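In what follows, a single structure is set out as structure tokens and then discussed.
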Amino acid sequence: MIKEEKLNLIILLVLFVIPFLAYLFNEPYLTTLTTKIVILSIAGIGLNFILGYGGLVSFGHAAFFGIGGYVTGILASHAQNSEQMFFFLQFDGSNQILFIWLISIIICSFIALLIGYFSLRTSGVYFIMITLAFAQMLYYFSISWPAYGGEDGLSIYVRNVFPFFNTMNPINFYFICFTWLLIFLTILKIILNSSFGLVLKACKENEERVKSIGINPFNIKLISFVFSGAITGLAGSLYTDLNRFVSPSVLSWQMSGEIMVLVILGGVARLYGPILGAVFYIILEQTLGGVSENWQFWLGLIIILEVLYARAGIMSLFLKDSKS
Amino acid sequence: MTNSILKIDNLSKGFHAVRACENISLEINKNEVHALIGPNGAGKSTLIKLITGFLEQEYGKIFLDNQEISFLTPEERAQKGIARSFQVSSIINNFSVVQNIKLALIGKNKNYLDFLTNINLNKKLLKEAFYYLEEVGLNKKANELASSLSHGEKRKLEICIAISMAPKIFLFDEPMAGLDGESSELILQLFKKIKKRAPILLIEHDMDTVFSLADRVSVLDYGKVIVTGTVSEIKKNKTVKKVYLGTEH
């Protein structure tokens, strides 16, 4: 049993070391796999921000993951094919990853603002359903959009360009993703310790109290929802670059469920919980996936056991001050 | 210029066939404790909800410091200077005692959009929170989880939250409910102290408390104010004796 700060440090150290070990033992696939863990962790901490700390169970976060992914795919494919994006605009897309991230974050924030504005007027099961409905609308829109591959998805031939780094090198790309994870962990830690963070946590427990001290909970939740959407959107952008491919599956409800499972597995309202959740999820996928196509059966069993005996997630099993 | 801080003018609210509040008019003046008494279901808590904006009136107007607030949201009314306690303690149970006060101070100072300052390291905020906690005697429990407090301490914390907002008026909904004699006495003394800062509209069933604290009393029955007067006037009023007090007072 250890303290949370120590466990967090160990998690980061392990993630930092793995690509070097993979390089040493000539296992580049392991680097790719760890990159996937890091990207899913980013998506998870994005969701955890509103789910764990704000009590908002969004079952539509695939919307942001997918939009971030499609923004990246669309901009890159136009740049690679030298095709104009809009007939009225002389713009051929872009393969500059910094620019693509910026656009992904802006668009995902805007979509999160729209979805949040309508969804946050509801609560509980209605909030779950409305966020799911928005994501499903986008999923079916992506399927019916032949210009960008429709059901077959959209391929980009090479990863987008980062100044002075060859992103096609798995280790380089890994550390780009890892840096983003560190950035978001730092930002969220600062926010959660701020006045805004305290009010967000209060909204989760008692909105009536928040109103009675002169704060509108809707505004707090909407801002948080936009933050969360932007973080998850950036994860989607990185995911497209990792796979050099984006398809409607990243917008599907299964993707929303996957992100939520990471959060629940690792530990809701633990900043590093989704990282541990993603590690565990990918290990299960890789080990049990080789044994059976229906490996999710075992995942389901684990979630049942967790909900019954370790509600605070895998992290709580290691921690001294467990909330479970 | 009137002396009143809160003015309620013909306020009405019904739930289906039941008239919870019917043409209620009241004025709460500076430095006074105005008690609201009446049998259960008389409309006292509904009136508090109407004043604080948690319920919408059908008609009638509410003025705070001569400014109409009838159509403002609860959070806007709180910002204008209405602080309340709830009938059932409404604190953030997962927060420590001092965090509950810090939250109220964040609301009062309107700095809830501060994303950067670490509130755990903000000494000014901590000092201010402790100032109010000392006032209600909860400073020694500052770092305890609010859920671990006794019923009386939770009541004190809720009152402390209201005090820390430095409002123009306090609305307390049965703050003594379920308290032992000692705790009630402590809160009584506290109210006597804070009424100098802002008037108090108090709903209370304990008549000894009401009569020792209130400057004026309004009696509600079936959603209507049947009489408003000083304590001695209320004690002598025959209608009040009949509908609420009985004969012992």
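Read the figures in this text as sums done on the coordinates, not as results from a lab. These numbers come from a predicted model, not from an experiment. Please note: Cβ atoms are built from the backbone with ideal geometry, for glycine as well, and neighbour counts cover all protein chains shown.
Some observations on this one:
- Magnitude of the charge dipole, chain A, Cβ model with Lys/Arg +1 and Asp/Glu -1, debye to 20: 940
- Over the range B:166-221, Cα pairs under 8 Å with separation of 6+ residues give a relative contact order of 49 percent.
- Ratio of Rg to Rh for the protein assembly as shown: 1.08 [Cα atoms; Kirkwood radius as inverse mean 1/r over pairs].
- Across the range A:163-221, Cα-Cα pairs farther apart than 15 Å form 62% of the total.
- Under 27 Å from B:LYS236, Cα to Cα: lysines that are on another chain or at least 8 residues apart: B:LYS7, B:LYS30, B:LYS44, B:LYS192, B:LYS195, B:LYS224
- Ordering A:GLN296, A:VAL250, A:PHE280 by the projection of their Cα atoms onto the charge dipole of chain A, which places +1 on the Cβ of Lys and Arg and -1 on the Cβ of Asp and Glu, puts A:PHE280 at the extreme positive end.
- A:THR186 paired with A:TYR29, simple spin-label distance in nm, labels 7 Å along Cα-to-beta-carbon: 3.5
- Förster radius 25 Å - calculated FRET efficiency between A:LEU114 and A:TYR157 (Cβ-Cβ, nearest 0.05): 0.15
- Of A:LEU198, A:LEU15, A:LEU308, the one that fluctuates the most in a GNM where chain A has Cα springs shorter than 10 Å: A:LEU308
- Using C-alpha pairs below 8 Å separated by at least 6 residues, the relative contact order for the range B:95-166 is 51 percent.
- The range B:111-190, dipole about Cα centre (Lys/Arg Cβ +1, Asp/Glu Cβ -1), debye to the nearest 20: 380
- Per residue, the Cα convex hull of the range B:95-166 amounts to 78 Å³.
- Taking label positions 7 Å along the Cα-Cβ direction at both A:PHE164 and B:THR239, the computed distance is 8.5 nm, reported to one decimal.
- For chain B, the normalised intensity computed at q = 0.16 Å⁻¹ comes to -1.19 (log10 of I(q)/I(0), Debye sum over alpha carbons, equal scatterers, no solvent).
- Chain A: radius of gyration and largest Cα-Cα distance (Dmax), Å: 19.5, 62
- Per-peptide packing, taken as the mean over residues of other Cβ atoms within 10 Å, places A:99-109, B:78-88, B:147-157 in the sequence B:78-88, A:99-109, B:147-157 from highest down.
- For chain B, calculated [θ]222 nm from helices alone, where every DSSP H run of n ≥ 4 adds -39500 (n - 2.57): -10000 deg cm²/dmol
- Shape of the range B:129-208, Cα gyration tensor, a/c cut at 1.5: oblate
- For A:LYS36, a cut-off of 26 angstrom between C-alpha atoms picks up these lysines, skipping any fewer than 8 places away in its own chain: A:LYS6, A:LYS189.
- Extension gain, B:SER148 back to B:HIS205 (0.36 nm per residue minus Cα-Cα distance, nm): 17.9 nm
- Shape category assigned to the range B:22-73 from the gyration tensor of Cα positions, a/c cut at 1.5: oblate
- Set of lysines near B:LYS110 by C-alpha distance (under 18 Å), chain-local residues within fewer than 8 positions excluded: A:LYS201, A:LYS211, A:LYS221, B:LYS80, B:LYS102, B:LYS123, B:LYS124, B:LYS127, B:LYS168
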